[in-house]
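Trainee: Take a look at this one; I'll ask things after.
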Amino acid sequence: MEITEIRIKLMDDPSDRLQAFCSITFDGSFVIRDLKIIQGTKGSFVAMPSRKLTDRCPKCSAKNHVRARFCNECGARLYEDRAIKGDDGRAKLYADIAHPINSGCRENIQQRVIEAYADEIERSKLPGYFSSYDDFGEDNYARLSDDLDHGHEHPVIQPAGEAIRRRDTAAHHQPAPHHTASQLVALNGVTRAEWSGAEVTTEDEGFGVGIV
């Protein structure tokens, strides 16, 4: 199984440990999205896509995150330190949705993704740059229902401080289908080769790294 494409979504805050999101394609036919590139104490590492671990309220059986202080359904106060602890004594707050099951695959993914991340940083310095990572319009602004009621649209007001910190804007974002490694893709006048990437280590549960 070969990695035939990696797409990177750079974050724009140098003080943030979350450096980028990425997706990887295997054999030109299977995509895994929402991997994270995180700045660790020993350099950048790749975290697998994950979900928050939950448990049930003893009163109403509703699910809550294991760090929730109150039940989201009935409001009952929950014991906070109830998360399962790992061998290092740290609470396990997340579980990987997809992850390698051997060190060779992990190392390959990490190496290739970090290389693609470095290439994307260089490419972002070129005129007309935008990311090829498809976020399904999650950075777009929704239309207010009042606009439809009155039959007209109001101009979009950008929030103070620019809450959305990703480098490519909704106006620049142009989703494109995944391609194989042998293809070239023209992005806003800049042609790039499809790349590949590799290793992963779990360091920070705060970024969705947990049970593997």
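Trainee: Can you flag which of LYS9/LYS92; LYS9/LYS63; LYS36/LYS85; LYS42/LYS63; LYS42/LYS92; LYS63/LYS92 are past 25 Å Cα-Cα?
Mentor: Those over the limit are LYS9/LYS92; LYS9/LYS63; LYS42/LYS63.
Trainee: OK, next. Mind putting a number on the dipole of the range 9-82 about its Cα centre? Charges go on the C-beta only, +1 for Lys and Arg and -1 for Asp and Glu, and I need it in Debye to the nearest 20.
Mentor: The dipole of the range 9-82 has a size of about 360 debye.
Trainee: When you count, for each residue, the other Cβ atoms within 10 Å and take the mean per peptide, how do 22-29, 80-87, 56-63 rank with the highest first?
Mentor: Order by mean packing, descending: 22-29, 56-63, 80-87.
Trainee: Same structure again: Given the range 2-65 reduced to its alpha-carbon atoms as identical point scatterers, what log10 I(q)/I(0) does the Debye formula return at q = 0.14, 0.29, 0.30 Å⁻¹?
Mentor: For the range 2-65 at q = 0.14, 0.29, 0.30 Å⁻¹, log10 I(q)/I(0) is -0.59, -1.17, -1.20.
Trainee: If you don't mind, another one. With the crude spin-label approximation of a point 7 Å out along Cα→Cβ, what separation in nm comes out for ARG82 versus SER145?
Mentor: Here the modelled spin labels are 3.4 nm apart.
Trainee: In the range 45-121, if the dipole is taken from +1 on Lys/Arg beta carbons and -1 on Asp/Glu beta carbons about the Cα centre, which of CYS74, GLY89, ILE101 is farthest to the positive end?
Mentor: Sorting the options by dipole projection puts first CYS74.
Trainee: Let me ask something else. What FRET efficiency comes out for the pair ASP27/SER124, r = Cβ-Cβ distance, R0 = 35 Å, nearest 0.05?
Mentor: My answer for the efficiency is 0.80.
Trainee: Of GLY28, VAL46, PRO58, which is farthest towards the positive pole of the range 19-58's charge dipole, taken about the Cα centre with +1 and -1 on the beta-carbons of Lys, Arg and Asp, Glu respectively?
Mentor: Ranked along the dipole, the leading option is PRO58.
Trainee: Between the range 106-141 and the range 45-92, what is the C-alpha centre distance in whole Å?
Mentor: The range 106-141 and the range 45-92 have Cα centres spaced 32 Å from each other.
Every read-out reported here was derived from the displayed coordinates using simple, explicitly stated rules and does not represent laboratory data. Keep in mind that this is a model prediction, so the values were computed, not measured. For neighbour counting, all protein chains shown are included, and Cβ atoms are generated from backbone atoms with ideal geometry for every residue, glycine included.
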